[in-house]
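In what follows, a single structure is set out as structure tokens and then discussed.
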């Protein structure tokens, strides 16, 4: 996946530096996406109300993958309206963004193996979670393909904030 376009987020004057010096790199943003233990997923109910849940998630091939039942409220929301907001934080490093979500069934074996490997690497030691690729081959598995991300160091927000557009 090619690196997304990087620039500064558009915020009111004085919030952040407009100079490129100090902006987080795409490598740093990917590290947050790969290591942050908890993913917050925001969807929209049919009546327009926001709905937010916490989940585990992994970054594979330029997308977030997460698990759950397709009968949950958030999954039904994604099926109806694929717009997803999400956020993650690991230590002082944070990322949030907008994505196009979808529900996958019958994921090919290679991708299913990469998803399972990432889950085991990320959650295996702390939570003793080691899923098998077969569960992703059968599905469902949820995917959020980012359209825009903002990543930053919370202690250096004014100089580190970077926007990534896909």
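Would you confirm, using the coordinates I've provided, whether residue 55 is in contact (Cβ under 8 Å) with a residue 24 or more places away in the chain and out of contact with any helix residue (DSSP H, G or I) (no Cβ under 7 Å at 6 or more places or on another chain)?
No: the conditions fail for residue 55.
Starting from the range 137-166, take each residue that is on the phi > 0 side of the Ramachandran plot and in a strand (DSSP E or B) and list its partners that are crowded, with 19+ Cβ neighbours inside 10 Å and modelled with pLDDT under 95, counting only C-beta distances under 8 angstrom and pairs at least six apart or across chains.
Short answer, once both residue conditions are applied: none.
With respect to the numbered conditions (1) at pLDDT 95 or above; (2) over 11 Å from the mean Cα position of the chain (by Cα); (3) within 21 Å of residue 118 (Cβ to Cβ), which one is the sole condition not fulfilled by residue 1?
(1)
Of the residues that sit in the range 18-28 and are under 11 Å from residue 161 (Cβ atoms) and crowded, with 16+ Cβ neighbours inside 10 Å, which one is nearest to the chain's Cα centre (by Cα)?
Per the criteria, the residue is 24.
Pick from 125, 80, 76: which is at pLDDT 95 or above, loosely packed, with under 15 Cβ neighbours inside 10 Å and over 24 Å from residue 4 (Cβ atoms)?
One residue alone meets the criteria, 80.
Of the conditions (1) surrounded by 14 or more Cβ atoms within 10 Å (Cβ to Cβ); (2) more than 30 Å from residue 125 (Cα to Cα), residue 48 fails just one. Which one is it?
(1) is the only condition that residue 48 fails.
Being closer than 15 Å to residue 65 by Cα and surrounded by 15 or more Cβ atoms within 10 Å (Cβ to Cβ) is true for just one of 142, 152, 164. Which residue is that?
Among 142, 152, 164, only 142 is closer than 15 Å to residue 65 by Cα and surrounded by 15 or more Cβ atoms within 10 Å (Cβ to Cβ).
The values are calculated or read from the model by the stated rules, or taken from the named source; none is laboratory data. This is a predicted model, so every value here is computed, not measured. Quick reminder, even Gly has a Cβ in these numbers, built from the backbone with ideal geometry, and neighbours come from all protein chains shown.
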